[in-house]
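The values are calculated or read from the model by the stated rules, or taken from the named source; none is laboratory data. The model shown is predicted, which means the values in this text are computed figures rather than measured ones. Note: ideal-geometry Cβ built from the backbone for every residue, glycine included; neighbour counts use all protein chains shown. SASA here: full protein model, heavy atoms, side chains in, ligands and nucleic acids out. Shrake-Rupley method; radii C 1.70, N 1.55, O 1.52, S 1.80 Å.
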Amino acid sequence: MNRQQLADSQRGVRLLIGHLRGDGESLDSAVSAGKYAEAEAMADPLVNVAVILVRQLKAALDIDIKVALRHARDLAQPEVDACSRVASALIETIISGEHPEPVDAGPRAVAVGAQEIATGAAIALAQHAGEHPNAVVARLRKQLQEQGQGVQLSDKEGVELQSAKYAENSEMRQSRIATAFALVKEMNDSAAVPSHNRAVDLHEQNKNVGRDCYEGLSRIAVTAAALGYGVIQLIDANNHYPAYALLRQVVETEFVLWKFSHDPSAIPDWLNSDRDERERTWKPSKIYRSADNDYRQKDYSGHCEMGGHPTPLGTRLASGERSAVAEASVLGDLIGHLRDSWDHVVDAADALDSEWNQSKPCIAVDARQRVADALATWSRIDKYGHSVSYFSDPL
């Protein structure tokens with residue numbers, strides 16, 4: 001599961017423990033206090049913990065999901081059965097790997113139903129194991145830390161079927177390609193070019209440190225754009241393995257841009273660095289191990305596994321196995337990394353504009369809106385990324 005799903009699941013455990021004990025943070029206390037917005041925000045956490053417990057019940061009793069959900073609902077409060085049915089349908093969709101659609105009943109009904117399903121599943125698991133339901137739920141805390149298969153949100157087989165369907169969908173495919181190309185174009189035309197032009201202007205004013213700041217930002221931005229376009233070209237040629245190799249390089253430019261955005265004063269150090277200095281300060285391993293970012297070593301290692309070194313998995317990509325899924329995966333990943341890279345470029349440019357008293361923003365407002373619009377359209381159309389995120393690599 002991804003970071004947000006993990007955080008939601010951990011909160012869901014706390015909420016369910018509060019419900020079972022009748023003490024502490026819970027949906028019950030929020031509703032009784034009239035904090036309805038707070039109660040609605042509990043829907044995702046409670047759905048996640050319900051999904052996990054239902055999957056565990058399915059595995060423990062060796063039954064299918066429909067039967068596991070029926071067991072859980074049989075142990076829920078009958079007076080909220082309508083909410084339980086709403087949550088049950090949503091939970092079944094998530095476990096199947098299918099992209100869930102908005103629920104008409106609303107988040108509060110989902111939260112109530114998910115709490116009932118989670119409680120029923122915990123009771124059924126406790127009965128099977130001969131222990132208290134509180135022990136079942138408390139154990140989830142450790143399981144979530146370990147991030148094993150038992151706390152994923154979808155069944156892997158279902159995800160593979162659904163993701164293949166979404167990968168092959170022509171409208172979704174065109175959306176992925178169009179969005180990746182739009183981000184590459186904006187990174188080049190609306191970030192790299194104006195940053196370079198601003199560097200030239202500052203050079204003419206003998207402001208050489210400012211020149212180096214904008215020029216360093218421009219060079220990494222144009223490199224990210226060039227690599228991104230290279231990925232798109234390779235995808236167009238149906239050559240996915242080297243596309244993954246280039247994607248790893250996109251990740252490396254993102255790391256540098258993150259560092260630029262968090263410390264713009266360091267940009268001239270990078271621009272004027274020699275190899276030894278870059279080995280000490282700018283290597284990917286130095287950046288992803290920094291305590292103040294969200295990067296993970298396994299993210300970078302995963303890119304190395306897919307396209308950085310000859311590996312059994314890489315050879316499958318090179319042979320053209322599951323080409324539609326490979327294309328959807330690399331394009332979705334490219335969009336995600338270019339989106340984050342764009343955010344870092346904008347943050348760094350804004351900081352430099354403030355430092356060097358530039359009245360007009362280097363990254364134009366209309367360019368920012370074009371990127372936001374492109375990402376919003378892609379998010380609305382393409383369900384591939386949503387599907388695979390429910391059974392992503394553990395954190």
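Considering each residue of the stretch 105-119 in turn, none proves to be at pLDDT below 95 and closer than 15 Å to LYS58 by Cα. Annotation note: Cβ proximity below 8 Å between a residue of the stretch 16-39 that is within 26 Å of VAL136 (Cα to Cα) and touching a residue at least 24 places away in the same chain (Cβ under 8 Å) and a residue that is open to solvent by 40 Å² or more (accessible area, probe 1.4 Å) and among the acidic types (Asp, Glu) (sequence gap 6+ or interchain) occurs for HIS19/ASP28.
The set of residues from the stretch 68-97 being within 31 Å of the chain's Cα centre (by Cα) and either of a type in the set (A, V, I, L, M, F, W, C) or assigned to a loop (DSSP other than H, G, I, E, B) (or both) comprises ALA68, LEU69, ALA72, CYS83, VAL86, ALA87, ALA89, LEU90, ILE91, ILE94, ILE95, GLY97. Here ASP74 fulfils each of the conditions (1) touching a helix residue (DSSP H, G or I) at 6+ places or on another chain (Cβ under 9 Å); (2) under 26 Å from ASP382 (Cα atoms) apart from (2).
Considering only residues in the stretch 1-40 that are under 19 Å from the mean Cα position of the chain (by Cα) and among the aliphatic types (A, V, I, L, M), the one that is farthest from ALA114 (Cα to Cα) turns out to be MET1. Among the residues of the stretch 237-264, those that are over 17 Å from ASP340 (Cα atoms) and touching a residue at least 40 places away in the same chain (Cβ under 8 Å) comprise ASN238, HIS240, TYR241, PRO242, ALA243, TYR244, ALA245. Of the residues making up the stretch 86-115, those that are over 24 Å from GLU38 (Cβ atoms), open to solvent by 50 Å² or more (accessible area, probe 1.4 Å) and either touching a Leu at 6+ places or on another chain (Cβ under 7 Å) or not aliphatic (A, V, I, L, M) (or both) are GLU92, GLU98, GLU101. Just one of (1) surrounded by fewer than 21 Cβ atoms within 10 Å (Cβ to Cβ); (2) farther than 24 Å from GLN77 by Cβ fails for HIS132. It is (2). Taken together, the residues in the stretch 59-78 that are free of Cβ contacts under 8 Å to residues at least 12 places away in the same chain and either among the hydrophobic types (A, V, I, L, M, F, W, C) or crowded, with 20+ Cβ neighbours inside 10 Å (or both) amount to 2.
Given the criteria in contact with a Leu (Cβ under 6 Å, 6 or more places away or on another chain) and either part of a loop (DSSP other than H, G, I, E, B) or buried (at least 18 other Cβ atoms within 10 Å of the Cβ) (or both), does ALA124 qualify? For ALA124, the condition - in contact with a Leu (Cβ under 6 Å, 6 or more places away or on another chain) and either part of a loop (DSSP other than H, G, I, E, B) or buried (at least 18 other Cβ atoms within 10 Å of the Cβ) (or both) - is met.
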